[in-house]
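All remarks here apply to the structure that follows.
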């Protein structure tokens with residue numbers, strides 16, 4: 001049965017390869033046009049499905065650019081219950097615009113956040129509203145737009161060069177698609193990753209002459225936050241807590257809390273999970289720690305002792321990264 005499954009997956013992945021290969025070749029040859037814009041457009045994306053750290057990367061860029069640019073973030077709004085272009089406002093929520101866009105809107109009050117499956121239209125409307133720098137969330141495969149600078153993310157524990165096309169693996173397109181990236185960032189690296197480990201990855205990926213390869217790590221906050229208060233995680237040492245996540249991989253978060261001495265009861269749900277009252281019954285008996293993305297949904301429900309743990313991305317040699325990006329822009 002396993003052999004049959006492998007054969008079926010191989011056949012399906014071959015079909016998927018042909019579809020994505022032909023599509024990319026049509027764009028490469030100019031038979032389908034990619035559109036450039038008058039303002040800088042920075043794309044953040046990946047080759048694989050799943051969590052590679054796009055959201056903290058977009059937040060890193062917001063932090064860097066928003067003090068001197070009129071920044072807008074544009075997302076398609078995955079799993080939202082609306083359609084068309086929406087400039088996010090106080091009347092919106094995670095259901096109407098999607099988890100990540102609502103997180104950006106809730107967290108950053110000095111930027112515009114919009115959702116539109118038609119990225120060209122979305123960019124034009126944001127430019128009309130005065131934006132002079134656009135951040136595209138999860139847009140590496142969106143070839144109708146030609147970004148000024150393209151950032152490709154790949155997770156340290158699941159590097160794209162070791163992966164296969166769906167459904168055999170997790171790749172959305174061939175590994176050769178990485179050629180379109182201006183830089184490749186290996187995300188979620190150990191904070192103490194060695195120079196030898198970095199060199200090995202660089203030799204395997206073999207960035208092209210126009211590309212730079214960087215490494216980044218996730219930095220977890222030492223405090224957790226609710227709508228109205230905060231706590232130090234050290235206050236919870238030795239206490240039982242419920243860790244609730246609806247993301248692709250939260251093992252790093254669980255490990256972090258374990259190492260701080262919390263007694264973690266782990267409730268893992270699928271990515272972009274829509275929480276129900278039944279779910280809440282399983283984890284509302286203790287202090288709840290969740291991600292910022294999950295908090296955007298859970299905070300609207302009647303739950304006591306609900307806190308989120310912020311994270312940031314730390315780019316090793318970040319000054320070199322910012323310099324490389326500025327030279328392209």
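Less than 16 Å from a label point 7 Å out along the Cα-to-Cβ axis of residue 191: which backbone N atoms in the range 228-245 qualify, by residue?
233-234
Using a Gaussian network for the chain with springs between C-alpha atoms less than 10 Å apart, which of these wobbles most: 90, 173, 59?
Sorting by GNM fluctuation, first place goes to 90.
Students often check this: by mean Cβ neighbours within 10 Å, which of 2-12, 126-136 ranks highest, and how do the rest follow?
On the way: 2-12: 10.7, 126-136: 19.3.
My ranking of the peptides, most packed first, is 126-136, 2-12.
Starting from the Cα of residue 144, step 7 Å toward the Cβ, then list every residue of the range 79-100 with an amide N under 13 Å from that point.
Under 13 Å, as judged by backbone N against the label point of residue 144, lie 84-85 of the range 79-100.
Which whole-number value in Å³ per residue fits the convex hull of the alpha carbons of the range 208-329?
Value for the range 208-329: 147 Å³ per residue.
Specify the residue with the greatest mean-square fluctuation among 287, 300, 245, computed from a Gaussian network of the chain linking alpha-carbon atoms under 10 Å apart.
It is 300.
Cα axis of helix 54-65 to longest principal axis of the chain: angle in degrees, 0 to 90, nearest 10?
For 54-65 against the chain, the angle is about 80 degrees.
Considering only the chain, what is the antiparallel percent among its DSSP beta bridges, to the nearest 5? Mind showing how you got there, number by number?
On the way: 13 of 54 bridges.
So the antiparallel bridges in the chain amount to around 25 percent.
Tilt of helix 318-328 relative to the longest C-alpha principal axis of the chain, in degrees (0 to 90, nearest 10)?
40
What is the extension gain from residue 38 to residue 69, computed as 0.36 nm multiplied by their sequence separation minus the C-alpha to C-alpha distance, in nm to one decimal? Walk me through the numbers on the way to the answer.
Numbers: separation 31, 0.36 × 31 = 11.16 nm, distance 1.43 nm.
Extra length from residue 38 to residue 69 when fully extended: 9.7 nm.
Could you give the length gained by full extension between residue 263 and residue 198, i.e. 0.36 nm per residue of separation minus their alpha carbon distance, to one decimal place?
Here the segment from residue 263 to residue 198 would lengthen by 20.0 nm.
Between 257, 159, 18, where does the largest GNM mean-square fluctuation fall for the chain, given springs only between Cα atoms within less than 10 Å?
Highest fluctuation among the options: 18.
So what's the gap between the Cα centers of the range 1-60 and the range 163-221, to the nearest angstrom?
15
Report the semi-axes of the equivalent ellipsoid for the range 240-312 in whole Å, largest first, where each axis is √(5λ) for an eigenvalue λ of the Cα gyration tensor.
18, 14, 11
Once the convex hull of the alpha carbons of the chain is built, what does its volume come to per residue, in cubic angstrom?
Expressed per residue, the convex hull around the Cα atoms of the chain is 164 Å³.
Round to the nearest 10 and give me the degree value, 0 to 90, for the angle of helix 2-28's Cα axis relative to the longest principal axis of the chain.
60
Taking the Cα-to-Cβ direction at residue 159 and at residue 95 and moving 7 Å from each Cα, how far apart do the two end points lie in nm?
Each label point is offset 7 Å from its Cα along the Cβ direction, giving 4.4 nm.
Quote to one decimal, in nm, the extra length available between residue 8 and residue 85 on full extension: 0.36 nm per residue of separation minus the C-alpha distance between them.
23.8 nm
Using r as the Cβ-Cβ distance of residue 231 and residue 23, and R0 as 41 Å, what FRET efficiency do you calculate, to the nearest 0.05?
After rounding, the FRET efficiency stands at 0.25.
Quick one: Debye curve from the C-alpha atoms of the range 1-97, no solvent, what's log10 I(q)/I(0) at q = 0.14 Å⁻¹?
Here the Debye-derived log intensity ratios amount to -0.89.
Taken together, the values in this text are just the output of simple stated rules run on the coordinates, not laboratory data. These figures come from a predicted structure and were not determined experimentally. Here the Cβ is made from the backbone with ideal geometry for all residues, glycine too, and neighbour counts use every protein chain on show.
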